[in-house]
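The values are calculated or read from the model by the stated rules, or taken from the named source; none is laboratory data. What you are looking at is a predicted structure, and each value in this text was computed from that prediction instead of being measured. We place every Cβ from the backbone using ideal geometry, glycine too, and count neighbours over all the protein chains shown. Each accessible area value is taken on the protein alone, full model and side chains, heavy atoms only, with ligands, DNA and RNA left out. Shrake-Rupley method; radii C 1.70, N 1.55, O 1.52, S 1.80 Å.
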Amino acid sequence: MKIRKNMKVGVSIIFLLLLFTSCLSLINLSKNNNLLEENSLSLSAPIEDPMEDNDNHANAWGVTPNYYPNLTIIETDEDWFKLYLNPGDTIDVYIYFNNTEGDLDLELYDPFDAVTSQTGSYSTADEEHITFTVGLSGMSGDWRIRVYHYDGSTNVTYDLDIWINIDDWMENNDDFWSAWGVGPVNYPGLKIVDFDEDWFQIYLNPGDMIDVGIYFNHFEGDLQLVLYDPSYIQRKDSLSMGDDEFITYMVDMPGDWRIRVYHKHGNSTVHYNLDIWLTTGTGGDDWAEENDDFWSAWGIGPGFHSGLMVVGFDDDWFQTYLNPDDIIEVKILFDDFKGDLQLELYDPSYIQRADSLSMGPEEFIRFTADMSGEWRIRVYHQHGDSDVPYELDIRLDAKVDDFYELNNNPLSAYDLIPYEGWWLTGINGPGFQFDEDWFEIYAEPGFEHLIIKSPDFGREIQLEVYDSNLNNIGEAMIKNKDGSSSQDYNGPMRYDLPSSGTYYIKVYGNNRGNFYDFQYLTVCLLEEQTWLSDIYGMGVQSNLDFYFIDVTPGFKHLVVELLFNHTYGNIDMTLYDAWGSQISNSSSFSDNEYINTILQDPGMYFLLIQGHNMGNEYDLWWDDNKTDTRPDDFYEPNNNPLSAYDLSNNEYQSLWEINDLALQYNEDWYKIEIDEIQLQLIVIVIYDSAEGLMGFEIYDSNFTKITGNFTLDDNDYIDYEVPSNGTYYIRVFGDNSGNVYNLWWAAEEPESIGMIPGYDTLILIVSIVGVTVVLIKIKRSKFRHQ
């Protein structure tokens, strides 16, 4: 996002004068001018279109697939437009005009060549048309469209129409009968485009247990998941409103079952990953059949593949592409009491190169490839007298990495700045974690809150965030499929950046080529009851702008106002919760948009501001109005120390969890007991200062005040080393406005309160308001005990 400072009245007047004089400057006073007629005092001037000045490759105007009417080429003027394309995208561009006004031509340029076009259309008809597909090895980036006058002698009005087909690599798989064959593995980089559907088929036997998950960002759209049996009967679905959908089902008939993924509303493009897990039952063959010989080998990639079975003397063959010096590791795991399986590796010319023929419950091959091509893996039964289920694990130390290489250090970090809000798979495919991968991002002033979201891949991958001086500011770990050795998180990872500027995301792990995907956003904390223009200046809608707001418990009536002039470009507004589920939307073709809704929960929410990317200015304001109508809280009467509500047995619990939130209509007193000596007392009061100022104080058993905290901001906090064990009291006071608040306390060993670089002290409280994780930057007590 760009920020423009406030304009004074004088500047507005100057702007109007410039607008008037610029119209006069368009008059051509040459001999051929027919705008100033000999016997007329009137002036008329060709008016350039609203996308000017876009006269060259560098100044190309950003567009999206849409219809743009009433554009103008004035004589030798050129119009350049840019839009982002990925490998595999097919673009159609049309311009419609009257050739009697002048002959226009059309060209398309890749992101890095401003001289030589990739294709063009140069007819003498009333329209020009380009169709072009970016090759799978082509360049991602801002491609350019050039419109120009063939001889530059007249002014020509035209319409521009842009279409993009951005389907994924599994198309066409739009119905039950064209379903794409899959196995139990993770498939990244898939897309649903508008009302398109994706169908997949997998062979299952009775008793098989199938788990299907799709991982996507609800910001892009709401996907749904359905499972069908071979006779086209729907057996189970997952139709939630959040990110990700999951199905678990026990199969009761053999055949090709279908998985259907579709867009609930069909109004956007949604990137997603498909993850399939299979636990085999008894009897029948597996999902990879027929793959009984070298020539019918099932194509497979690195990863863990379950649900396989060798039936009698049947062989299973698999193929995977290797380059010279790639190191492949293949392991099969099985119950050797059910039968003795063997493992072999063949090169593309059908020559056996390695084998593993032991008598145990697993076989293992490690081999360095010496030629390019489709190598084969053969699994077979030594004796052929039983059916043996097995699992296949393939690891690849490949010399061919992902499309973000070389990005092994900060100096060669891949630039993600143009792709804020994109999933990695939507840019250049997934990442492959063979080594450290570094990505560069940028936080603009006011947007110093970083949100990173990533799905569960079933492999341990870690993320770390660094500032421009390579100081580590935070890290998170992706949860394993089996739940081991990683941090369990269910929502977005948030980092409060110390300032604007350049930052780096480092991805690292076990260097085994695991797929990974993530999305990042730098968002602006929008202050309650404060116009955006009063803090940062007017917003400028030239790309996607994200803001996050913190809704106070008890104040769940949300009102948002987005003000703009529709004449300069349309702007829409969408509200999402912390997990990416859409809550509300305001979209029209008039000035201004509004959201007025009652939320189910307090906590963090996101506002997405998007539109025609025409640089239109806007202002933004929000407030959360009180929904808690109780005359007082359930802790009353507690207006003095003698009637203090006893929280001694509620250490580490918030009021929200005990008996609902409290209301500050008068003094509120709480009693606590500390059993041990030399403990650090931590007390946090969570409230919204816009609804009334509050503070609190700590008293000992003699009702003597020993510390306290009162600020003019949201929330107050103390960490105080109590001189002895015994009874203490917490007094909450304020404006007596009925403001809603939450309170939490604990007594900890002093050394257990850790320090985090970049902060005074940071404490992480889980579910302090029952629905979210609250991160509090501590405001030190002015009365801290020495």
Over region 169-297, with neighbouring protein chains present, the accessible area per residue in Å² at probe 1.4 Å is 38 Å²
If the chain between ASP675 and MET371 were fully extended at 0.36 nm per residue, the gain over the current Cα-Cα distance would be 102.3 nm
Whole-Hz Karplus couplings 3J(HN,Hα) for region 196-205, θ = phi - 60° and coefficients 6.51, -1.76, 1.60, Gly and Pro as x, run 4, 10, 10, 10, 10, 10, 8, 7, 10, 10
For the pair GLU75 and ASP113, the simple spin-label estimate (label points 7 Å beyond Cα toward Cβ) gives in nm 3.2 nm
About its Cα centre, region 142-285 carries a charge dipole, from +1 on Lys and Arg Cβ atoms and -1 on Asp and Glu Cβ atoms, whose size in debye to the nearest 20 is 60 debye
The local net charge around VAL388, scoring Lys/Arg +1 and Asp/Glu -1 for residues other than VAL388 whose Cβ lies under 9 Å from its Cβ, equals -3
As straight-line cross-link partners of LYS626, the qualifying aspartates and glutamates (C-alpha separation under 18 Å, not fewer than 8 residues apart within one chain) are GLU527, GLU528, ASP550, GLU561, ASP601, ASP660, ASP688, GLU691, ASP714, ASP735
With the 1.4 Å probe rolled over protein heavy atoms, region 540-652 has an accessible area per residue in Å² of 42 Å²
Scalar couplings 3J(HN,Hα) for region 206-217 by Karplus 6.51 cos²θ - 1.76 cosθ + 1.60 (θ = phi - 60°), nearest whole Hz, x for Gly and Pro, are x, x, 5, 10, 10, 10, 10, x, 10, 10, 7, 10
As straight-line cross-link partners of LYS331, the qualifying aspartates and glutamates (C-alpha separation under 13 Å, not fewer than 8 residues apart within one chain) are GLU344, ASP355, GLU362, GLU363, GLU391, ASP393
Taking placed amide H atoms and a strict 5 Å upper bound, the residues 5 or more places from VAL310 or on another chain that come that close are VAL388, TYR390
Of the accessible area of region 304-345, computed with a 1.4 Å probe and all protein chains kept, carbon and sulfur make up a percent value of 56 percent
Full extension between LEU333 and SER581 adds, at 0.36 nm per residue less the Cα distance, a length in nm of 85.3 nm
Any chymotrypsin sites (Phe, Trp or Tyr not before Pro) in region 191-292 that lie in a DSSP loop and have at most 12 other Cβ atoms within 10 Å would be PHE195, TYR232
Summed over the other residues with a beta carbon less than 12 angstrom from that of GLN519, with K and R at +1 and D and E at -1, the charge totals -3
Residue span TYR442 to ASP194: 0.36 nm per residue of separation minus Cα-Cα distance leaves a gain in nm of 86.2 nm
Violations at 32 Å Cα threshold for listed pairs LYS191/LYS338; LYS236/LYS556; LYS82/LYS453; LYS556/LYS671; LYS264/LYS556 -> LYS191/LYS338; LYS236/LYS556
The answer for region 51-105, accessible area per residue at 1.4 Å probe in Å², is 38 Å²
Among trypsin sites (Lys or Arg not before Pro) in region 324-384, those in a DSSP loop whose Cβ has at most 16 other Cβ atoms within 10 Å are LYS338
Calc'd 3J(HN,Hα), region 539-544, phi into Karplus 6.51 cos²θ - 1.76 cosθ + 1.60 (θ = phi - 60°), Hz, glycine/Pro = x, comes to x, 10, 8, 10, 6, 6
